[in-house]
1. Please enumerate the residues belonging to the range 453-500 that are touching a Leu at 6+ places or on another chain (Cβ under 7 Å), among the hydroxyl-bearing types (Ser, Thr, Tyr) and either closer than 23 Å to Val624 by Cβ or without any contact (Cβ under 8 Å) to a residue 12 or more places away in the chain (or both).
2. Would the range 98-106 turn up any residue that is farther than 19 Å from Thr351 by Cα, surrounded by 21 or more Cβ atoms within 10 Å (Cβ to Cβ) and modelled with pLDDT under 95?
3. Considering only residues that are of a type in the set (D, E, K, R) and assigned to a loop (DSSP other than H, G, I, E, B), look in the range 241-297 and name the one that is least open to solvent (accessible area, probe 1.4 Å).
4. Output the number of residues of the range 341-379 satisfying the condition of being touching a residue at least 40 places away in the same chain (Cβ under 8 Å) and either surrounded by fewer than 21 Cβ atoms within 10 Å (Cβ to Cβ) or not in a helix (DSSP H, G or I) (or both).
5. Output the qualifying pairs, or none if there are none: Cβ atoms under 8 angstrom, residues six or more apart or on different chains, first residue in the range 259-272 and over 15 Å from Val208 (Cβ atoms), second residue of a type in the set (Phe, Trp, Tyr) and open to solvent by less than 10 Å² (accessible area, probe 1.4 Å).
6. Mind listing whichever residues of the range 674-716 are assigned to a helix (DSSP H, G or I) and open to solvent by 30 Å² or more (accessible area, probe 1.4 Å)?
7. So Asp415 ticks every box in (1) over 27 Å from Met330 (Cα atoms); (2) of a type in the set (D, E, K, R); (3) crowded, with 24+ Cβ neighbours inside 10 Å but one. Which box is left unticked?
8. On the basis of being surrounded by fewer than 16 Cβ atoms within 10 Å (Cβ to Cβ), within 20 Å of Pro773 (Cβ to Cβ), modelled with pLDDT of 95 or more and not hydrophobic (A, V, I, L, M, F, W, C), does Glu620 make the cut?
Amino acid sequence: MIRQPAFAVEPWTVREATLDLDRIAQSESVFALSNGHIGLRGNLDEGEPFGLPGTYLNGYYEGRPLPYAEAGFGYPESGQSVVNATNGKLIRLLVEDEPFDVRYGELRHHERVLDLREGTLSREVEWVSPVGQAVKVRSVRLVSLAQRAIAAIQYEVEPIGGRARVVLQSELVANEPIPHSEGDPRATAALEAPLVSELAAARDLRSVLVHVTRRSGLRMAAGFEHLIEGPDDIATAVQAEEDLARLTLTTEIAPGQPLRLTKFIAYGWSSVRSTPAVRDQVSGALAEAKHTGWDSLRQLQKRFLDGFWKRADVEIEGDPELQQALRFGMFHVLQAGARVEGRAIPAKGLTGSGYDGHAFWDTETFVLPMLTYSLPEAARDALRWRHSTLDQARRRAAQLGLEGAAFPWRTIDGDECSGYWPAGTAAFHVTGDVADSCSRYLEATEDEDFARQCGTELLVETARLWRSLGHHDKAGRFRIDGVTGPDEYSAIADNNVYTNLIAQRNLRDAAAATESDPELAGGFGVDSEEAAGWRDAAEAMIVPYDEDLGVHAQSESYTEHAVWDFDATASDHHPLFLHYPYFDLYRKQVVKQADLVLALHLRGDAFTAEEKARDFAYYEALTVRDSSLSACTQAVIAAEVGQLDLAFAYMTEAALMDLDDLEQNSRDGVHMASLAGAWIAAVAGFGGMRDHGGHLTFTPRLPENLTRLRFRLAFRHRLIEVEVGASAATYTLLDGDPLEVAHHGESLTLKTDRATSKPIPHLDDPGPRPQQPPGRAPRITRGPG
């Protein structure tokens with residue numbers, strides 16, 4: 001597909017030069033701001049028109065029943081859906097009694113800019129009302145990375161050509177109507193008026209509303225405070241009622257004399273605190289924000305982002321659009337994780353309500369790798385959230401007749417809430433993904449406090465699950481039967497390679513962790529016999545291999561299934577699960593998303609180079625990528641096996657997933673795992689970075705489209721810079737003690753007093769480019785340069 005960029009291509013901004021109402025829902029997701037605690041979709045200041053209104057608080061949800069036509073033991077009985085919380089973004093404008101609405105009058109100019117270094121969304125508008133009065137409107141919005149409970153907006157209106165009477169209405173609105181999305185189970189379940197009013201108070205330029213959810217009983221408060229600059233004769237009035245708080249400003253302004261409103265918005269929620277407590281929490285946050293002031297909030301925002309980009313930026317040369325998309329993705333991942341502090345990172349972050357606001361295994365497998373090496377404290381906090389849900393995971397395992405902990409496939413608060421039983425009951429790889437992410441974090445950070453407080457216990461409880469889920473067969477091999485792997489077009493399979501290899505690492509890491517600290521292990525009831533049992537299971541783990549085909553079977557007998565009839569599949573019948581019965585998908589060779597190929601990446605130490613090349617080619621022909629999780633993994637392995645042009649195409653697809661709305665569902669929020677996956681494709685793909693066993697190795701190699709790649713990694717109290725060119729790579733230790741790494745198999749010692757450059761070996765002929773199913777080649781095609 002040859003295509004044109006939807007946004008101006010600039011290195012540090014995402015600019016929308018004109019307002020396209022047909023794409024407004026997508027732009028609301030692209031322009032969403034968050035800090036991991038508060039999320040504001042990029043809705044227009046005046047609230048209308050909109051694609052999907054959205055204000056979200058991480059972890060704040062409403063419960064709903066999960067009905068089944070036929071009940072089954074172990075099926076979750078309750079679902080959870082993120083709540084559209086009280087909207088504090090609204091600032092309505094009336095000019096000479098005419099409401100400012102871009103659908104009416106004349107819109108002479110409309111531009112919005114997401115600034116990735118400032119952490120702001122700015123807007124400039126020139127509008128002529130239906131009665132002929134022209135005005136300029138400028139606004140800047142931020143969700144503070146420094147003050148977790150605060151968002152802020154500065155809004156300015158100025159007349160053009162003559163004096164004008166204006167009214168500003170700054171509002172808090174609860175229980176906004178939400179449009180329904182039908183026909184796609186990935187969309188959110190609509191909730192009708194989930195918030196019940198408990199308190200509405202207003203005084204001076206401030207108001208606070210407190211609500212509680214009807215079913216889940218979670219209490220939230222939202223409040224606003226204002227600063228006003230303009231003529232002396234501004235009339236103000238403030239009111240508060242159950243679902244509405246409003247500050248109204250009325251005045252007359254002249255050209256060159258704008259009316260400026262600075263709005264501070266605060267949010268807080270709790271499952272245990274009282275109405276007065278959450279009210280006072282928000283009031284205190286507003287007082288702090290007002291004391292800090294707008295200019296200082298912006299300075300703190302920029303300071304936070306300056307620090308992030310200094311240690312985490314990925315630079316590429318040769319494709320300006322891909323450079324922009326990489327930074328856009330990293331910015332959204334940063335927003336999703338920066339201030340989670342005891343909450344999950346949902347699949348959409350806090351940019352939309354897709355997937356009901358649930359967190360999946362996407363977080364540990366795709367999002368946390370980037371955070372581990374760029375903002376490790378955010379990765380730690382996300383893992384601490386998993387640890388905080390251990391009791392729920394233990395109960396779920398016990399309900400399924402197992403030991404240890406079984407983490408949910410999809411959740412908000414830690415309880416399984418998937419009505420899709422092959423995943424909600426059998427996708428045990430999620431538990432291994434949590435353990436794998438924990439191990440990688442510990443190896444990359446040497447965070448001993450986290451190991452003692454959370455990490456070792458996570459590894460122990462997850463290892464216990466595998467030991468009870470699997471068994472030694474008559475030949476002594478360790479089997480894990482009846483599980484669902486990452487590929488959602490397969491289910492209830494025996495010895496899924498990815499699951500088995502992730503479990504194998506989990507078992508080994510748990511044994512090593514407990515053997516290194518027997519006293520801590522004893523506190524968890526682990527003795528030497530249990531640890532030895534974990535090691536025995538790991539060493540005897542089955543990894544299915546088809547000798548006739550010379551490839552690994554995704555699971556036992558998988559390669560004996562009939563191959564899906566791709567030629568007879570209409571191009572508009574993707575995703576397949578919306579057009580074909582699951583039973584037919586399950587019994588055919590067709591892959592929704594990388595599964596065996598994901599094992600080639602995350603457990604690449606378990607395969608030879610020749611096996612990787614054969615496996616990759618075989619599964620390329622079966623993989624339809626009906627999931628946004630797939631392209632980045634295919635990019636990594638394509639690069640490793642020498643298919644650099646294909647890797648570049650996949651990386652571009654992952655990076656542009658939302659800027660180009662490739663899945664046609666960015667309206668529901670950005671695809672956080674795909675955006676993080678673009679970083680993975682750059683660093684692990686073309687940078688060739690692997691961290692098996694806690695040892696950093698690199699096999700860098702660039703495609704023709706790129707002339708330079710530079711990235712930085714935080715690793716074991718050090719900061720490393722890697723710069724890759726066409727013929728050589730340079731490694732620089734920017735901070736910290738000397739470090740051993742490897743370049744294409746050659747050991748290097750990095751020191752801060754010098755950079756180390758090494759030639760990139762010649763690439764042997766990788767063979768013909770693997771073919772994808774008809775119509776499922778990467779969706780972005782461009783030539784070199």
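The values are calculated or read from the model by the stated rules, or taken from the named source; none is laboratory data. In this text the structure is predicted, and so the values were computed from the model without any measurement. Ideal geometry is used to build each Cβ from the backbone, glycine not excepted, and the neighbour counts take in all protein chains shown. The area values use the complete protein model at the heavy-atom level, side chains included, leaving out ligands, DNA and RNA. Shrake-Rupley method; radii C 1.70, N 1.55, O 1.52, S 1.80 Å.
1. Tyr489, Tyr498
2. no
3. Asp243
4. Total satisfying the criteria: 19.
5. From the range 259-272, the pairs are Arg260/Tyr155; Leu261/Tyr155; Thr262/Tyr155.
6. Matches in the range 674-716: His692, Gly693.
7. Only one criterion in (1) over 27 Å from Met330 (Cα atoms); (2) of a type in the set (D, E, K, R); (3) crowded, with 24+ Cβ neighbours inside 10 Å is unmet by Asp415, namely (3).
8. In short, no.
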